[in-house]
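The values are calculated or read from the model by the stated rules, or taken from the named source; none is laboratory data. It should be emphasised that the depicted structure is a prediction, and the values quoted were computed from it without experimental measurement. Cβ placement follows ideal geometry from the backbone for every residue including glycine, while neighbour counts extend to all protein chains displayed.
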Amino acid sequence: MTVKKWTLTDVATGLQVDKLTISSQDLGGRLPGLEIRKTTLQGGLRDGVDVVRVDNGRMAFAVLPTRGMGLWKAWLDGQEIGWQSPVRGPVHPQFVPWMEPSGLGWLEGFDELLVRCGLESNGAPEFDPQGRLRYPLHGRIANRPAQRVEVEVDDESGELAVTGVVEESRFLFRSLRMTSRISTRLGEHHLRIRDEVENLSGSPTEVQLLYHINFGLPLLDAGSRFLAPLKKMMPRDARAAEGVATWDVYAAEEAGFAEQVYFLELVADAQGWSPALLRNAAGTRGVTVHANTNQLPCFTLWKNTAAAADGYVTGLEPGTNFPNPRTYEGRQGRVVQLAPGGAAVFQLGLEFHPSADQVQKAEQAIAALQAGVTPDVCPQPLAPWCVA
Amino acid sequence: MTVKKWTLTDVATGLQVDKLTISSQDLGGRLPGLEIRKTTLQGGLRDGVDVVRVDNGRMAFAVLPTRGMGLWKAWLDGQEIGWQSPVRGPVHPQFVPWMEPSGLGWLEGFDELLVRCGLESNGAPEFDPQGRLRYPLHGRIANRPAQRVEVEVDDESGELAVTGVVEESRFLFRSLRMTSRISTRLGEHHLRIRDEVENLSGSPTEVQLLYHINFGLPLLDAGSRFLAPLKKMMPRDARAAEGVATWDVYAAEEAGFAEQVYFLELVADAQGWSPALLRNAAGTRGVTVHANTNQLPCFTLWKNTAAAADGYVTGLEPGTNFPNPRTYEGRQGRVVQLAPGGAAVFQLGLEFHPSADQVQKAEQAIAALQAGVTPDVCPQPLAPWCVA
Amino acid sequence: MTVKKWTLTDVATGLQVDKLTISSQDLGGRLPGLEIRKTTLQGGLRDGVDVVRVDNGRMAFAVLPTRGMGLWKAWLDGQEIGWQSPVRGPVHPQFVPWMEPSGLGWLEGFDELLVRCGLESNGAPEFDPQGRLRYPLHGRIANRPAQRVEVEVDDESGELAVTGVVEESRFLFRSLRMTSRISTRLGEHHLRIRDEVENLSGSPTEVQLLYHINFGLPLLDAGSRFLAPLKKMMPRDARAAEGVATWDVYAAEEAGFAEQVYFLELVADAQGWSPALLRNAAGTRGVTVHANTNQLPCFTLWKNTAAAADGYVTGLEPGTNFPNPRTYEGRQGRVVQLAPGGAAVFQLGLEFHPSADQVQKAEQAIAALQAGVTPDVCPQPLAPWCVA
């Protein structure tokens, strides 16, 4: 046997492990440097949040089963990667009023390196004609706890994985199950996510999913750049249009900076994979978000270079859609149709670049895909990408 | 002493027992087969839900103090009775957005064999003229945890009972206390519920209560029948009127089936008791809901023969009212008036029929009450029963 | 070293102490009579609420870190001081729908002797033109758990203190931190509160804070009086205007009594301190609320002499503002401006009077401040104090 498994949560059998540490010792000395640690946070706004921290010896990341299998933080060579959200989470869903009438309650829990937005909807809140909330900002999946969590270690390949099952169900409305697998290998600076979303209902349904992947210092700084093989780019609104000339570079922190959002279509390789790079000003560190554009055809870039205290941050966001109101996106067909019992798979990876050399290689990969493709850079928001 | 008591929860004295098992051994060998087990579920959407499972040797049922003393499931001769809700609960109230603006958040926790709807209101959500939620679907009592829970065993009569005290209070608005006692006797296939609702306020108030009692497989199947001694029947709306000719028989599961609801008045015996039977197609199994019509004069039959995956289910629902919007029901007087310090008692029973013989007896009991009464079967919804 | 500290909660380091008792023994026999006890309540609506009870040998009080460092109850010479709320709390925030569409959900958790209302807003709920909730009744701070809690004992001065850090943050909206210190000295019948509210954001912000300090029996009875050095008094609305002639005396409990609210400006000493006294009819017991009017210039008196069952209670409420809707108060400038990184301190004290003699002294202190100041008693509500 090469794959060893530990179940941390399983509501079906009543299993819940509050604390567990797995190390090389548990594998007879194999995979030295490995450590997987499950804890349950206590106190304050994080009371009851489960954390599974996976350390492959080089890179570590913390998964939050209680918050829909989001990634709280990552660490490369001991340095924290993520951002400093003013909500200072992680925040347990019980303290996030995600369905409050304005639809913006989700922002009280927004703290993660990677947070999924979906599954019924994501994007700006939408209201019915009487002003009643219909779709809250970014949906509910980030505030649903996993019903099942499992850790596995393959002591031959060195693969470490956390798998969680999160459900988004409302009787008479929908019955969705997301099985999320987050994995890495010993010594890598790369992590992979594979999410399968199943429609458990006897009727067809529609799904949206967007990965809100957020970086602040040290990857984001004044002069940082965003690079991706570009087919098309469009500012979301007038505010974003103001910054079109510098849409792919980042300014220093600025108190009161109003966010700018750009919608992108990327060039992909034959398998549909497309890399999007964020690198620091010096070009010595960076991260590539690899997303499969067959599954996640829309890419959103969110620039929020506000004061550090308010969350100096940028979001690289591959999605099934742009984060416009749900009905608008549905009209443009930017939703995933799932037949009864049907499923869709979404894949992406985060690759951290710890050196100038590796940043350069990442830039070259992007340049190779860009070669021969002239990007269509739109200066103004236009339908059907934007609610113009 | 013949009655032995165990307190499981008592907020007044700070008592909370997380785990307890009571068996015949604890009674000096009396009542063999008895088992009462208290657990607290952990993980996922059920994290923190208390369950008290009472097994009388023949039949068992699971009470959920955390969800307003609802009944999660029952088991007869080891076979589960209930239904397969797509919400896959039980769901802790912290994950049920029961006051979200649409008023339908209750559906995210709807999973039980028996769930109480009330106490301020039940039925369809109602909004003020500006579209603001005033009464959420089915009220809040199912999402309130018991402040006190007690188990008692009478080793002479063989009676086993769980009693819970659940409060529904809002300063300046209402102060209600429900003391719910759920009991059975050793070896029976019958359970009884006695709920007393007190108005603790110094001012008069009004109360509604409906027992949403839900069955799927194995009691519900294609060809199952509903039988009750009928005074009057009326379809709730146009959708229900479509099915009037077959209102008391059940079809096979059908994806996308839109629910049909029928409002009934039943014939009762001299004490006010009236039986309502659901039996399977073969007539080999069934359940009678016994309700006291002096306390619960309105009976609602809910047919939701949707796909199994979406909850193939029917609800037999004795209530103080029909589940129309609160204001409409109030205007028809279908509410219970409680003076300051006043109380009302609601009684019902669930009797499971494990054989054709017993199903037949249940049918005969209904026929005896029906004898000489010609039911008034209305083909269309009409005021004042329906919001026509 | 004379000051000894115990950390009870610290999310930054993952520390959470569920149970702790500190007594004179822990101080080598010093400060006899002292007892500080930390517990976490279990079961029902209070499940998970942390309580820190501080007993100085004469007076005790219970702090609720889970409810924004509110004071649940106090005890003087063993007699409970507070009021009997029909919500029978303390209620864990997970059961308080404080953002439900009507904006009144806060009332489901309202149970304390002292509850803070703020920090973004307090007062009556306010809605946008479409009827969507913008500011819920009394804000959210009372339903936020402390991120850090610490107890300290000075074995020289005999000072005992509980300090808690509570945050009110929403990404893109605000980032506030309240550090609340509640202290007393061995043998005193006096407690002091010092709250510092910091604006952690890089942008300026506005804050409101009102201390809703509530008393029922034994301090409030038929014939109880309110006394304070008065500059100006105004009834909030027509209902309060009905009672202007007797605004400072209390009637016996009366079922269905509709609350009356009076807005006051008080005379203060050179340091800004002003006392407000509630004493019982016999003049044998009382409490003075000392507030610093430089920080808390507005004083609200809430009379709710309803039936005991519904909460026979009065509120003495020093605040930065009157509890009118947020926008109205903002227009009158009754908010605290905080620069980026800025902070404001709010100080008050509760002094209990256990004898006629001490009540008289408290009355004399008020009379001395009143001397030479003729109060402006307005018989009707008028702008800009009231939404006239």
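Here are some notes:
- Just one of the listed residues (A:Val267, A:Val287, A:Val313) is within 14 Å of chain C (Cβ to nearest Cβ) and under 21 Å from the mean Cα position of the chain (by Cα), and it is A:Val313.
- Restricting attention to the range A:181-208 and to residues that are within 14 Å of chain B (Cβ to nearest Cβ) and of a type in the set (Ser, Thr, Tyr), the residue that is farthest from A:Leu64 (Cα to Cα) turns out to be A:Ser203.
- Residue in the range B:103-119 that is under 17 Å from A:Pro136 (Cβ atoms) and within 12 Å of chain C (Cβ to nearest Cβ) present: yes
- Extreme residue, farthest from A:Arg134 (Cα to Cα), among residues of the range B:156-167 that are of a type outside the set (S, T, N, Q) and crowded, with 19+ Cβ neighbours inside 10 Å: B:Glu159
- Which numbered condition C:Trp75 misses (of (1) more than 29 Å from A:Val49 (Cα to Cα); (2) part of a loop (DSSP other than H, G, I, E, B); (3) aromatic (Phe, Trp, Tyr)): (2)
- For the range B:37-55, the candidate set comprises residues that are part of a loop (DSSP other than H, G, I, E, B) and on the phi > 0 side of the Ramachandran plot; within that set, the residue that is surrounded by the most Cβ atoms within 10 Å (Cβ to Cβ) is B:Gly43.
- C:Asn214 over 30 Å from A:Phe257 (Cβ atoms), within 14 Å of chain A (Cβ to nearest Cβ) and touching a Phe, Trp or Tyr at 6+ places or on another chain (Cβ under 7 Å): no
- Scan of the range A:294-310 for residues that are more than 14 Å from every other protein chain (Cβ to nearest Cβ) and either in contact with a Pro (Cβ under 8 Å, 6 or more places away or on another chain) or closer than 17 Å to A:Cys117 by Cα (or both), ordered by number: A:Gln295, A:Leu296, A:Pro297, A:Cys298, A:Phe299, A:Thr300, A:Leu301
- Enumerated strands (runs of 3 or more DSSP E) restricted to the range C:302-388, each holding at least 3 residues that are not β-branched (Val, Ile, Thr): C:312-319, C:343-353
- Matching residues, the range C:61-70, being buried (at least 24 other Cβ atoms within 10 Å of the Cβ) and on the phi < 0 side of the Ramachandran plot: C:Phe61, C:Val63, C:Leu64, C:Pro65, C:Thr66, C:Arg67, C:Gly70
- Answer from C:Gly272, C:Gly330, C:Gly283, C:Gly311 - the residue that is in contact with a Ser or Thr (Cβ under 6 Å, 6 or more places away or on another chain), surrounded by fewer than 22 Cβ atoms within 10 Å (Cβ to Cβ) and not aliphatic (A, V, I, L, M): C:Gly272
- Index of the failed condition, A:Ser183 passing every other in (1) out of contact with any Lys or Arg (no Cβ under 6 Å at 6 or more places or on another chain); (2) part of a strand (DSSP E or B): (1)
- The requirement of being within 13 Å of another protein chain (Cβ to nearest Cβ) and either surrounded by fewer than 22 Cβ atoms within 10 Å (Cβ to Cβ) or at pLDDT 95 or above (or both) is not satisfied by B:Arg58.
- Of the candidates A:Ala241, A:Ala291, A:Ala245, the single residue that is out of contact with any Lys or Arg (no Cβ under 9 Å at 6 or more places or on another chain), free of Cβ contacts under 8 Å to residues at least 60 places away in the same chain and either aliphatic (A, V, I, L, M) or crowded, with 21+ Cβ neighbours inside 10 Å (or both) is A:Ala245.
- Within the range C:197-219, considering residues that are more than 17 Å from the chain's Cα centre (by Cα) and either over 22 Å from C:Leu172 (Cβ atoms) or of a type in the set (A, V, I, L, M, F, W, C) (or both), the one surrounded by the most Cβ atoms within 10 Å (Cβ to Cβ): C:Leu200
- From the list C:Gly82, C:Gly89, C:Gly103, C:Gly44, the one residue that fits, being among the small types (Gly, Ala, Ser) and over 28 Å from B:Pro101 (Cβ atoms), is C:Gly82.
- Note on the range B:78-102: residues that are facing another protein chain (nearest Cβ under 7 Å) and either β-branched (Val, Ile, Thr) or part of a strand (DSSP E or B) (or both) amount to 1.
- Residue identified as free of Cβ contacts under 8 Å to residues at least 12 places away in the same chain and among the small types (Gly, Ala, Ser) among B:Gly315, B:Gly341, B:Gly333, B:Gly283: B:Gly333
- Tally of residues being within 12 Å of A:Phe346 (Cβ to Cβ) and small (Gly, Ala, Ser) across the range A:288-320: 2
- Every condition in (1) farther than 26 Å from C:Ala251 by Cα; (2) in contact (Cβ under 8 Å) with a residue 40 or more places away in the chain holds for C:Phe322 except the one numbered (1).
- Search result, residues across the range B:137-146 that are touching a helix residue (DSSP H, G or I) at 6+ places or on another chain (Cβ under 6 Å), closer than 24 Å to A:Arg132 by Cα and either hydroxyl-bearing (Ser, Thr, Tyr) or within 12 Å of chain C (Cβ to nearest Cβ) (or both): B:Asn143
- Among the residues making up the range B:312-358, those that are closer than 20 Å to B:Asn122 by Cα and touching a Lys or Arg at 6+ places or on another chain (Cβ under 7 Å) are B:Thr314, B:Thr320, B:Asn321, B:Phe322, B:Val345, B:Gln347.
- Residues that are more than 25 Å from C:Leu137 (Cβ to Cβ), of a type in the set (Asp, Glu) and in contact with a His (Cβ under 9 Å, 6 or more places away or on another chain) do occur in the range C:73-93, at least one of them.
- Qualifying positions in the range A:198-223 - among the aliphatic types (A, V, I, L, M) and assigned to a loop (DSSP other than H, G, I, E, B): A:Leu200, A:Leu217, A:Leu219, A:Leu220, A:Ala222
- Apart from one condition, C:Gln25 fits all of (1) part of a loop (DSSP other than H, G, I, E, B); (2) out of contact with any Ser or Thr (no Cβ under 6 Å at 6 or more places or on another chain); the exception is (1).
- Condition check for A:Val287: touching a His at 6+ places or on another chain (Cβ under 7 Å) and over 30 Å from A:Gly342 (Cα atoms): yes
- Scanning the range C:19-36 for residues that are surrounded by 12 or more Cβ atoms within 10 Å (Cβ to Cβ) and within 14 Å of chain A (Cβ to nearest Cβ) yields a count of 1.
- Only one of B:Ala146, B:Ala142, B:Ala124 that is surrounded by 23 or more Cβ atoms within 10 Å (Cβ to Cβ) and part of a loop (DSSP other than H, G, I, E, B): B:Ala146
- Residues that are assigned to a strand (DSSP E or B) and more than 14 Å from chain C (Cβ to nearest Cβ) within the range A:224-261 comprise A:Arg225, A:Phe226, A:Leu227, A:Leu230, A:Lys231, A:Lys232, A:Met233, A:Met234, A:Pro235, A:Val249, listed in sequence order.
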